[in-house]
Amino acid sequence: MSATTEPQQTNAATAQPETMTWDSRSRRMVTIYVPLVCFLIILLFPFYWMTITAFKPNAELYDYGRHNPFWISSPTLDHIRLLLFGTAYPRWLMTTMIVSVCATVLSLLSSTLAAYAIQRLRYKGSQYVGLAIYLAYLVPPSILFIPLATMVFQLGLFDSPMALILVYPTFLIPFCTWLLIGYFKSIPFELEECALIDGATRLQILWQITLPLAVPGLISAGIFSFTLSWNEFIYALAFIQSSENKTVPVAILTELVTGDVYQWGALMAGSLLGSLPVAIFYSFFVDYYVSSLTGAVKE
């Protein structure tokens, strides 16, 4: 009896880990991989649809009875050719790039000084100032539209890219300041205290110590600022009237739609080409962006 019982116990012991392994694999499949695949499909499908629409001929775009809506039978470059050579899209793209870069640089300069002053210069009420700046970011653009429009008209900047360069920092600076305040907080005070003992000024400390350590945070704030400026719609629609000065988000909607006729191929081509600079910008600085999420220097 003991001889027959021992093999049975051994088989049960070996079957139990297999069952546990199978259960863990099934649980991992259900809880991790299936939601991840669903998330990727939901996230990437709009880009896939935009891409195939940009390269589909009009016959396939408007005849789903004969052609598969999720695939391209005869790819064409007519829509991209129309967009680049039949419209002012290169000019719109250049205007958007200039406005986004200038607004981002201006916002980063102002936000760095403001965040450093709020977080590092110890004075009464500094925390409330930081909270007020963050609350200013939460103000809807529709509320700021009227006073900003009045200032733009009084300064004679209507229908010029300079209007957008000066208006965009109104919502970029509060956000970047709030972001950099949290990042400056992760930099140890002891580094600046040692520099103050050695006789360094506040500007020297900011330029030679704080900013080199805050490069990931600055790049993260720059990425967000550039993206918000690139995709901004309300102010660009309100303050720019001439076709050649429009930005890409506004131009592809107002210039490629005539009445109730939507040029879907050109619209999707413009959206696809307009998203490439942002994607390239992210790809270059993704390492700095990830490092900015983990803080600056560990004490």
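The values are calculated or read from the model by the stated rules, or taken from the named source; none is laboratory data. Source: prediction; values computed, not measured. As a convention, Cβ positions derive from the backbone with ideal geometry for all residues, glycine included, and neighbour counts pool all protein chains shown. Keep in mind that these areas ignore ligands, DNA and RNA; they rest on the heavy atoms of the full protein, side chains included. Shrake-Rupley method; radii C 1.70, N 1.55, O 1.52, S 1.80 Å.
Listed values, structure above:
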| item | result |
| --- | --- |
| Matching residues, region 193-219, being farther than 27 Å from Y137 by Cβ and in contact (Cβ under 8 Å) with a residue 40 or more places away in the chain | none |
| Qualifying residue in region 110-127 (condition: over 25 Å from the mean Cα position of the chain (by Cα) and either among the hydroxyl-bearing types (S, T, Y) or under 19 Å from V248 (Cβ atoms) (or both)) | yes |
| Helices (runs of 4 or more DSSP H) lying entirely in region 22-115 (those with 2 or more residues that are exposed (fewer than 11 other Cβ atoms within 10 Å of the Cβ)) | 34-54 |
| Matching residues in region 230-241 - criterion: being open to solvent by less than 20 Å² (accessible area, probe 1.4 Å) and out of contact with any Pro (no Cβ under 9 Å at 6 or more places or on another chain) | F239 |
| Subset of region 119-154 (residues that are farther than 30 Å from I205 by Cα and either surrounded by 15 or more Cβ atoms within 10 Å (Cβ to Cβ) or touching a Pro at 6+ places or on another chain (Cβ under 8 Å) (or both)) | P141, L144, F145, L148, A149, V152 |
| Boolean, M50 is more than 30 Å from M162 (Cβ to Cβ) and in contact with a Ser or Thr (Cβ under 8 Å, 6 or more places away or on another chain) | yes |
| Residue tally, condition out of contact with any helix residue (DSSP H, G or I) (no Cβ under 7 Å at 6 or more places or on another chain) and farther than 30 Å from N245 by Cβ, over region 97-146 | 12 |
| Tabulated pairs, region 90-101, first of a type in the set (D, E, K, R), second not in a helix (DSSP H, G or I), C-beta under 9 angstrom, 6+ apart or interchain | R91/K246 |
| Residue within region 94-105 that is under 24 Å from I205 (Cα atoms) and out of contact with any strand residue (DSSP E or B) (no Cβ under 9 Å at 6 or more places or on another chain) present | yes |
| Single residue of region 155-174 satisfying the filter (without any contact (Cβ under 8 Å) to a residue 60 or more places away in the chain and under 14 Å from F224 (Cβ atoms)) that is least open to solvent (accessible area, probe 1.4 Å) | P174 |
| Long-range neighbours under 6 Å by Cβ, at least six apart or interchain, first residue of a type in the set (D, E, K, R) within region 258-278, second open to solvent by less than 80 Å² (accessible area, probe 1.4 Å) and in a loop (DSSP other than H, G, I, E, B) | none |
| Qualifying residue in region 136-154 (condition: modelled with pLDDT of 85 or more and within 15 Å of T177 (Cα to Cα)) | no |
| Condition broken by F226, with the remaining ones in (1) touching a residue at least 40 places away in the same chain (Cβ under 8 Å); (2) within 30 Å of S271 (Cα to Cα); (3) surrounded by fewer than 15 Cβ atoms within 10 Å (Cβ to Cβ) satisfied | (3) |
